[in-house]
1. Hey, can you tell me all the residues within region A:6-37 that are under 30 Å from A:M69 (Cα atoms) and surrounded by fewer than 17 Cβ atoms within 10 Å (Cβ to Cβ)?
2. Condition first: surrounded by fewer than 18 Cβ atoms within 10 Å (Cβ to Cβ) and either closer than 30 Å to B:W80 by Cβ or within 9 Å of chain A (Cβ to nearest Cβ) (or both). Now tell me which residues in region B:190-206 satisfy that.
3. Residues to consider are B:A25, B:A72, B:A9, B:A64; find the one that is more than 9 Å from chain A (Cβ to nearest Cβ) and within 19 Å of B:M181 (Cβ to Cβ).
4. Looking at region B:99-115, is at least one residue surrounded by fewer than 18 Cβ atoms within 10 Å (Cβ to Cβ) and not in a helix (DSSP H, G or I)?
5. Return the residue satisfying two criteria in turn: it lies in region A:234-265 and is in contact (Cβ under 8 Å) with a residue 40 or more places away in the chain and either of a type in the set (V, I, T) or in contact with a strand residue (DSSP E or B) (Cβ under 8 Å, 6 or more places away or on another chain) (or both), and of such residues it is surrounded by the most Cβ atoms within 10 Å (Cβ to Cβ).
6. Pick from region A:60-71 the residues that are away from every other protein chain (no Cβ under 14 Å) and among the hydrophobic types (A, V, I, L, M, F, W, C): which of them is nearest to A:A222 (Cα to Cα)?
7. Which of (1) within 14 Å of chain A (Cβ to nearest Cβ); (2) more than 13 Å from the chain's Cα centre (by Cα); (3) not polar (S, T, N, Q) does B:R119 not meet, given it meets every other one?
Amino acid sequence: MKEKMNTFRKYLGIYWYYFKQYWKSRLVYKTDFVLGATAQLTSVFVSLAFLTLVFTQIESLNGWTFDEMLFLAGFGGTAIFAQNVFFFNIIRLGEEYIVKGKLDRFLLRPLNPLFQIYADSVHDNNVPKVIANFALIIYASIQIGLTPDLVTIVYAGFSMISGMLVAASIYLLFSSTAFWTGTSRNAVWLIFRISNFRKYPIEIFALAIQGLLVTLVPLAFASYFPASFILGKEGFETWKLITPFIGPIFFYIAYLFWKLGLSNYSSTGS
Amino acid sequence: MDKLEKYWAFTRVGLREGFQYRANALSGIGSTIISLVLFYFIWKAIAASGQLAQPFSVIISYVALARVIDNATSADLENWIGDRVRKGTIVNELKRPMSLRFQLYFYQLGKSLFKLIVRGFPALIIGILFLNVGIPGPVAGLQFLFSIFLTLNLAIILSYATSMLVFWTKVGWSLRMTRTMVAGLFSGAMIPLYLVPDNVRAVFNLTPFPSMVDAPISIYQGTAESVVNVFGIQLMWIVILVLVSELIWRKAKEKLTVQGG
């Protein structure tokens, strides 16, 4: 146990070192941050505008009011974009690390190669998006008049962390296909598309899509299940109960898949 | 004649790139289908939750066409220029005895034609088979194809105009993301414009975006009051955007710094 703690501390220290390095190079392209943040915020505004326009036509969507939809979007958004800040770099596994041979350098160092990929970049332009989505949660909660008890707050906290791990596990799982295909971009693009499903009540989708959202792309655990528990919606009781604990399990499975890919990896020699 | 061949060479490069990266084409079809599925269920739920101006079967055919047009006519010159400006290799393009705008136009035309064929047609067939999209008569069909050609031009020129900003910003992906997000909302790609409240739609119509998706759909579905008007507005926006991008390019030329690298 003590040894494990020491390893953890060592990795944390190294991460801090990487982090400082990153910021030094970051300052070179300041406009990249500003424009990236603008783009991310625009995407939040556009999906809000879409929802607003839709709700000029209807009172509620499958029993969900406008404010409840905001809460749903905000919860999932916060989980996904918060983990994006630290765990997004894995999506470059194919194009940046395998094809260009950078992974070889990581394998020579006495550090976990996955850690090195994560630590190689910080996606700080996601931060404004996290703030915007968190603001959505707060705003929607006030509008709805939510008065959560202690259990609900603890549940929300655990589910948020679990949801971040779920999102991280999806990126890790799909990016790791690059060990066989040499590219992770296309797989990740599909995930981006599928991740839009998280903003809607899962019942509106066909059963096959619901199945997808709890297995291969388990975003329901980062969005619909926790949000509907907190809002006191009926249904999916067992799913809601396992939500706060499921994140580490998904991440472990994705990590095993990553290790399988890594053992299968042979350098491009470039 | 010689000139035409020169331009065609760029179109061929664009087409060839499309064929070379077959995996990208496949995932392009995949993402079109995913967005068709997503929008199908969203609009089904919306239609079931209230009284809309049109029945679900009419709305879904608009939404499906919108997804097809939006996905098949996307252009991405921002990243292309962004890469070259950062690496400094943009000098190679600037040295050629042909203006940058024509090189980019014909290159993107090739890429877009590939996308139109590989992404557009399969998705359109899915729409016709499953989503009540319907088949237009021969005249409307030809008019639709012409309108799509104008949309393609609008998409390329718009992308070109924003890509000129890369000479200041040095990065392209965020410019492109912002552009496609805004365009998606205003063009009708996400929500049929006849469901948008009148005063909001009036604002949308001050932008070129409705001419990119809503316009060809109105021709396909025969809801356009005057087809000539639709073409006229599309052409007007093409002229305006050409002028705007030319202005930005003139400024950009003064500003142009080539990074040695």
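1. Here is the first cut: in region A:6-37, the residues under 30 Å from A:M69 (Cα atoms) are A:33-37.
Result: A:V34, single match.
2. Across region B:190-206, the qualifying residues are B:P197, B:V200, B:F204, B:L206.
3. Working: B:A25 fails: within 19 Å of B:M181 (Cβ to Cβ); B:A9 fails: within 19 Å of B:M181 (Cβ to Cβ); B:A64 fails: within 19 Å of B:M181 (Cβ to Cβ).
The conditions single out B:A72.
4. Scanning region B:99-115, I find at least one residue that is surrounded by fewer than 18 Cβ atoms within 10 Å (Cβ to Cβ) and not in a helix (DSSP H, G or I), so the answer is yes.
5. A:T243
6. Going through region A:60-71, the residues away from every other protein chain (no Cβ under 14 Å) turn out to be A:67, A:70-71.
Then drop every residue that is not among the hydrophobic types (A, V, I, L, M, F, W, C), which leaves A:70-71.
On the way: A:L70: 15, A:F71: 13 Å.
Across region A:60-71, the extreme among qualifying residues is A:F71.
7. (2)
This table checks each residue for (1) under 22 Å from the mean Cα position of the chain (by Cα); (2) in contact (Cβ under 8 Å) with a residue 60 or more places away in the chain; (3) within 14 Å of chain B (Cβ to nearest Cβ); (4) not in a helix (DSSP H, G or I).
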position	(1), (2), (3), (4)
A:K4	no, no, no, no
A:T7	no, no, no, no
A:I14	no, yes, no, no
A:T31	no, no, yes, no
A:T38	yes, no, yes, no
A:I58	no, no, yes, yes
A:A73	yes, yes, yes, no
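Values in this text are rule-based calculations from the coordinates and carry no lab data. Since the structure is predicted, the reported quantities are computational estimates derived from the model, not experimental observations. Virtual Cβ from ideal backbone geometry, glycine too; neighbours counted across all protein chains shown.
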